[in-house]
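The values are calculated or read from the model by the stated rules, or taken from the named source; none is laboratory data. Please read all numbers here as calculations on a predicted model, not as lab measurements. Here the Cβ is made from the backbone with ideal geometry for all residues, glycine too, and neighbour counts use every protein chain on show. Surface areas here come from the heavy atoms of the whole protein model, side chains and all, with no ligands, DNA or RNA. Shrake-Rupley method; radii C 1.70, N 1.55, O 1.52, S 1.80 Å.
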Amino acid sequence: MPRYRAIVAYDGSDFLGFQVQSKNGVERHRTVQGELIKAVNQMGKNPAERIKVVGASRTDTGVHANGQVVHFDLPFNIPGEGVRKGLNTILPRDILIKQVDQVSNDFHARFASHQKRYYYRVSTQDYVDPFKRRYTGHFHWHLDPKRIEQALPDLIGEHDFATFAASGNQTATTVRTITRAEIAVKEDEHELVFTFEGNAFLYNQIRIMVGVLLEIGTGRRAVDSIPALIAAKDREQAGYTAPAAGLYLDEVAYNSL
């Protein structure tokens, strides 16, 4: 069967994360993967075997995506644009298929990924904006972005990020490589936007890093405190975890398709 790669955007507000959570074959909660599986199987018109949908990243409850990547096999061969249009007529309005391409059958959305980019939006207004509450993390304390800019380079490179991994992390190693860590100030929108790129990220790693960086921005932590936190390998020393609402999976990059 031909394999397809799809780029997916979704508003994660009403999903219990990306990954299907089922019991005895019955999905217990609404998930992005669950909605994609239903749509792909509807398009497949009762295939002999249930079609699986594999995602590049298991985004958490409330986390959004502009560029999640999934793959699936269909029991017929049609152009990717036809698959894109067909799925978008089936899927709920909080999921959008942005692009579909036919790829080789050895392509794997999760294991073939080379690099991932996330961004995190922080609202700095002194109140919670009702139109941003589902799409930004809110932090009303006074921040000095220059302190954060000074601290960011200490995250770049290969490190053991155990301090920045939530207790539910189940990976074999906590060593990860970050290649980009930046902050942009959007004064007109009262927002800070963090961008992180790396080969992979641990469970809640970005939200914990953002929490530490915000505390550095307030002066609660020293600008040069990140190397000591990394060396400690102790989650308790990192403290605050930024809310899920501000996090977006922006792009998953592959060396080849």
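Selection of the stretch 47-93 for residues being without any contact (Cβ under 8 Å) to a residue 12 or more places away in the chain and basic (Lys, Arg) yields Lys85, Arg93.
Do the conditions hold for Ala65, that is, is it of a type outside the set (Ser, Thr, Tyr), open to solvent by less than 30 Å² (accessible area, probe 1.4 Å), under 25 Å from Gly168 (Cα atoms) and not in a loop (DSSP other than H, G, I, E, B)? Reasoning before the result, please.
Numbers: of a type outside the set (Ser, Thr, Tyr): yes; open to solvent by less than 30 Å² (accessible area, probe 1.4 Å): yes; under 25 Å from Gly168 (Cα atoms): yes; not in a loop (DSSP other than H, G, I, E, B): yes.
Taking the combined requirement at face value, the residue satisfies it.
When we screen Ala228, Ala253, Ala242, Ala222 for residues that are under 15 Å from the mean Cα position of the chain (by Cα), among the aliphatic types (A, V, I, L, M) and open to solvent by 20 Å² or more (accessible area, probe 1.4 Å), the only hit is Ala253. As for the stretch 203-217, it holds no residue that is out of contact with any Gly (no Cβ under 6 Å at 6 or more places or on another chain), among the hydrophobic types (A, V, I, L, M, F, W, C) and open to solvent by 30 Å² or more (accessible area, probe 1.4 Å). Scanning the stretch 81-98 for residues that are assigned to a strand (DSSP E or B) and aliphatic (A, V, I, L, M) returns Ile95, Leu96, Ile97. Scanning for something in contact (Cβ under 8 Å) with a residue 24 or more places away in the chain and either under 16 Å from the mean Cα position of the chain (by Cα) or open to solvent by 80 Å² or more (accessible area, probe 1.4 Å) (or both), does the stretch 144-151 turn up at least one residue? Yes, because at least one residue in the stretch 144-151 is in contact (Cβ under 8 Å) with a residue 24 or more places away in the chain and either under 16 Å from the mean Cα position of the chain (by Cα) or open to solvent by 80 Å² or more (accessible area, probe 1.4 Å) (or both).
Table: residues versus (1) modelled with pLDDT under 95; (2) touching a Leu at 6+ places or on another chain (Cβ under 6 Å); (3) more than 20 Å from Ile216 (Cα to Cα); (4) not in a loop (DSSP other than H, G, I, E, B).
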site	(1), (2), (3), (4)
Pro130	no, no, yes, no
Lys146	no, no, no, yes
Thr163	no, yes, no, yes
Phe196	no, no, no, yes
Ala200	yes, no, yes, no
